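K.L.:
One structure, as structure tokens, below. Some questions next.
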């Protein structure tokens, strides 16, 4: 550091030991001596506006983010009635949505209860804009009027966008090196995943590994339909991927509502059939060939649900 005319400031220097929740007690509590200064380990550190904790759960980051977003919403609330809808939406996008969207790809693999805290911010912001009451349903407002993705799908959208840029030379090399097509691996060139253009998902046995871009990015990319992955311009990809991700059927939590939504998804000529045998045949032929080729019940159910999710808008 001295050769570069730099000097360490101990009061502004942090370091952190990262470990899983079970192994936290194994982490060293001793200081580190660097450039003649003793630096004590911290429980959280900040980098580029993101708070990292020792478990890499981003819980402290989400807590601070939620607090700041609600502060902005309270300030906007005092004048929102005097503003046109478009102006109010632009203000919320600038002061609230931009905070939630910033570096949200880091939240891949986070537990649902943490993402639900961010989702509550979106719900309150939507109710504020449309004047809805506290217990009014807001899902349709988010989707149809405001065109906001749920937080979990915003994370998937950002991962897909980063992967697209990495594959098309629009991202740094360290990200592009993590996106390897299955077809480029000699031993996997004859697999169906190679024909579909899937990416290699790095094997991992830890939660830390599952949160990394090398795993989360290819996984999100592999779930996109082939026609979206074939797009070669950023603008068209954003539009297509954005409209692909919102799936209101995923939010259904009752069997009856799910059956109704799935029934409405079928083409009119199939719903018009009045005999069980003809209906089964027609509905079966409506499924893609790769789903019909599955020979186990569990895999068929999973593939069928995924197919319905992707094609229901």
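K.L.:
Taking other Cβ within 10 Å of each residue's Cβ, how do 174, 31 sort, fewest first?
P.N.:
174, 31
K.L.:
Please report Rg (one decimal) and Dmax (integer) in Å for the Cα set of the range 59-148.
P.N.:
Every Cα atom of the range 59-148 included, Rg and Dmax give 13.0, 40 Å.
K.L.:
Would you work out if the range 2-42 is rounded, prolate or oblate? Take a ≥ b ≥ c from the square roots of the eigenvalues of the alpha-carbon gyration tensor; rounded if a/c is under 1.5, else prolate when a/b is larger than b/c, oblate otherwise.
P.N.:
prolate
K.L.:
While we're looking at this one, here's another question. Between residue 294 and residue 70, what is the FRET efficiency for a Förster distance of 41 Å, r being their Cβ-Cβ separation, to the nearest 0.05?
P.N.:
0.35
K.L.:
Hey, could you grab the Kirkwood Rh for the range 123-224? Inverse mean 1/r over distinct alpha carbon pairs, Å, one decimal.
P.N.:
Value: 15.9 Å, from the Cα pair sum.
K.L.:
Sorted from fewest to most neighbouring beta carbons within 10 Å, what does the list 244, 25 look like?
P.N.:
25, 244
K.L.:
Return the equivalent ellipsoid semi-axes of the range 1-82 as a descending list in whole Å, where each equals the square root of 5 times an eigenvalue of the C-alpha gyration tensor.
P.N.:
Semi-axes, largest first: 35, 20, 8 Å.
K.L.:
What whole-number distance in Å separates the alpha-carbon centres of the range 4-23 and the range 34-57?
P.N.:
Value for the Cα centre distance between the two parts: 5 Å.
K.L.:
Quick one: order 284, 148, 242 by neighbouring beta-carbon count within 10 Å, fewest to most.
P.N.:
Ordered from fewest to most neighbouring Cβ atoms within 10 Å, 284, 148, 242 come out as 284, 242, 148.
Bear in mind these aren't lab numbers, they're just calculated from the coordinates by the rules spelled out. Computed from a predicted structure; not experimentally measured. Note that we place each Cβ from the backbone using ideal geometry, even for glycine, and neighbour counts take in every protein chain shown.
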